[in-house]
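Student: Encoded as structure tokens, here's the structure I'll be asking about.
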Amino acid sequence: MANISNYIDKINSKGEKALSVFLTSGFPQKENFVDLACSVFDAGADILEIGFPFSDPLADGPVIQNSSHLAIQNGINLKTTLEYAEKIKAKNDKPIILMGYANPILKYGIKKFAQDAISAGVDGIIIPDIPINEYEEFYDSSFDPLDIILLITPTTNGKRITEIDNISRGFVYCVSVSGTTGVRNFAQNANNDFLANAYSLIKKNKTMIGFGISTPEDVKKFSPYCDGVIVGSAVIKTLFEEQKNYANTLKLISSLKQACKSA
């Protein structure tokens, strides 16, 4: 099980930013999802976030919502996702993070989920709809070996950013813009003052910026404000467009990693 913060630090020490790639569990095809995930790592992803599908994903834009809907139709659930994670981890020792919503975990059983995630080799957890005031109640001691990653947004004040930094483990997920995930025009939406201030306030953890990053130019634009970037919707959108050998998706990931190396 990797210590995600130390892992990102090693990448940063080489003069690079870390690249985390989001995939929806079992999408676009459940039969070869493990092969896809391994190919994503080989193409340059440093970290893999696997989203377990949920019928009402509040923080996700239409692209990821659609992929989640198709995954549910294909019978993908939390159990399947944990099985995928274990198979991917057997082939690659890079960090795997599970990302999703509280309802499927509550149905599965919080303690059972934590135990099974650890057994599968999962390194971190992101649950966007667990507010900070419910943190201790939800993340009990059974989660201890796992990195628990919390999010901040442009509406998060400085005091709360510091509070979130103090209890997060692995990194702080810095949401670049207010709203849901998706490909955006950053020139119109990005709040550089917020990003710069957040980066200066986050002392304990690494900072990863996500939501809307889709091109190498985006990576370079936001590299001064982070230790790495998270790319989701752009990857899922490309998968929707090919669904075969994934050549364009892997080419995109490779180009994003090259930008991380020169950022």
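Student: Mind listing whichever residues of the range 68-83 are under 17 Å from GLY232 (Cβ atoms) and under 18 Å from the mean Cα position of the chain (by Cα)? Full working, then the answer.
Tutor: As a first pass, look at the range 68-83 and keep what is under 17 Å from GLY232 (Cβ atoms): 68-71, 76, 81.
Hits for the range 68-83 are SER68, ALA71, THR81.
Student: Further question on the same structure: Out of everything in the range 216-263 that is touching a residue at least 24 places away in the same chain (Cβ under 8 Å) and part of a loop (DSSP other than H, G, I, E, B), what residue ends up being nearest to PHE27 (Cα to Cα)?
Tutor: GLN243
Student: Which of the residues that make up the range 155-172 are of a type in the set (Gly, Ala, Ser), at negative phi and surrounded by 21 or more Cβ atoms within 10 Å (Cβ to Cβ)? Before you say what the answer is, go through the steps one by one.
Tutor: Our first condition is that a residue be of a type in the set (Gly, Ala, Ser); within the range 155-172, this holds for 158, 168, 170.
Still in the running and at negative phi: 158, 168.
The one that is of a type in the set (Gly, Ala, Ser), at negative phi and surrounded by 21 or more Cβ atoms within 10 Å (Cβ to Cβ): SER168.
Student: Quickly run through the range 89-110 and pick out the residues that are in contact with a Pro (Cβ under 7 Å, 6 or more places away or on another chain) and loosely packed, with under 13 Cβ neighbours inside 10 Å. First the steps, then the outcome.
Tutor: Of the residues in the range 89-110, the ones in contact with a Pro (Cβ under 7 Å, 6 or more places away or on another chain) are 101.
Within the range 89-110, none qualify.
Student: What's the number of the condition ASP42 fails, among (1) over 18 Å from LEU256 (Cβ atoms); (2) surrounded by fewer than 16 Cβ atoms within 10 Å (Cβ to Cβ); (3) at pLDDT 95 or above?
Tutor: Tallying (1) over 18 Å from LEU256 (Cβ atoms); (2) surrounded by fewer than 16 Cβ atoms within 10 Å (Cβ to Cβ); (3) at pLDDT 95 or above, ASP42 fails exactly one: (1).
Student: Would you mention how many residues in the range 131-178 are of a type in the set (Gly, Ala, Ser), touching a helix residue (DSSP H, G or I) at 6+ places or on another chain (Cβ under 8 Å) and under 18 Å from MET99 (Cα atoms)?
Tutor: Filtering the range 131-178 down to residues of a type in the set (Gly, Ala, Ser) leaves 141-142, 158, 168, 170, 176, 178.
Filter once more, keeping what is touching a helix residue (DSSP H, G or I) at 6+ places or on another chain (Cβ under 8 Å): 142, 158, 170, 176.
Checking the rest, the ones that are also under 18 Å from MET99 (Cα atoms) come to 142, 170, 176.
Final tally of qualifying residues: 3.
Student: Give the range 111-154 a look and list any residue that's touching a Leu at 6+ places or on another chain (Cβ under 8 Å), in contact (Cβ under 8 Å) with a residue 40 or more places away in the chain and buried (at least 18 other Cβ atoms within 10 Å of the Cβ), or say none.
Tutor: Answer for the range 111-154, where residues must be touching a Leu at 6+ places or on another chain (Cβ under 8 Å), in contact (Cβ under 8 Å) with a residue 40 or more places away in the chain and buried (at least 18 other Cβ atoms within 10 Å of the Cβ): VAL122, ASP123, GLY124, ILE126, PRO128.
Student: Another one. Looking at the range 187-205 only, could you name the residues that are modelled with pLDDT under 90 and either buried (at least 19 other Cβ atoms within 10 Å of the Cβ) or in contact with a His (Cβ under 7 Å, 6 or more places away or on another chain) (or both)?
Tutor: Result: ALA190, single match.
Student: Mind checking which residues of the range 8-33 are over 22 Å from THR215 (Cα atoms), crowded, with 19+ Cβ neighbours inside 10 Å and of a type outside the set (S, T, N, Q)?
Tutor: Correct list: GLY26, PHE33.
Student: If you take the residues of the range 70-92 that are closer than 24 Å to PHE240 by Cβ and outside any helix (DSSP H, G or I), which of them is modelled with the lowest pLDDT?
Tutor: Ranking the qualifying residues of the range 70-92, first place goes to ASN74.
Student: Of all residues in the range 132-172, how many are closer than 24 Å to LEU48 by Cβ and part of a loop (DSSP other than H, G, I, E, B)?
Tutor: Adding up the residues that qualify gives 10.
Student: Let me ask something else about it. Can you find, within the range 93-131, the residue that is modelled with the lowest pLDDT among those that are part of a loop (DSSP other than H, G, I, E, B) and either over 17 Å from the mean Cα position of the chain (by Cα) or acidic (Asp, Glu) (or both)? Explain how you work it out, then say what you get.
Tutor: Initial filter on the range 93-131 (part of a loop (DSSP other than H, G, I, E, B)): 93-95, 100-101, 109, 121-123, 127-131.
Then keep just the ones that are either over 17 Å from the mean Cα position of the chain (by Cα) or acidic (Asp, Glu) (or both); that gives 93, 109, 123, 129, 131.
Working: ASP93: 94, GLY109: 97, ASP123: 98, ASP129: 91, PRO131: 88.
This residue is PRO131.
The values are calculated or read from the model by the stated rules, or taken from the named source; none is laboratory data. Note that the coordinates shown come from a computational prediction; the quantities given were computed from them, not determined experimentally. Every residue, glycine as well, gets a Cβ built from its backbone with ideal geometry; the counts of neighbours run over all protein chains shown.
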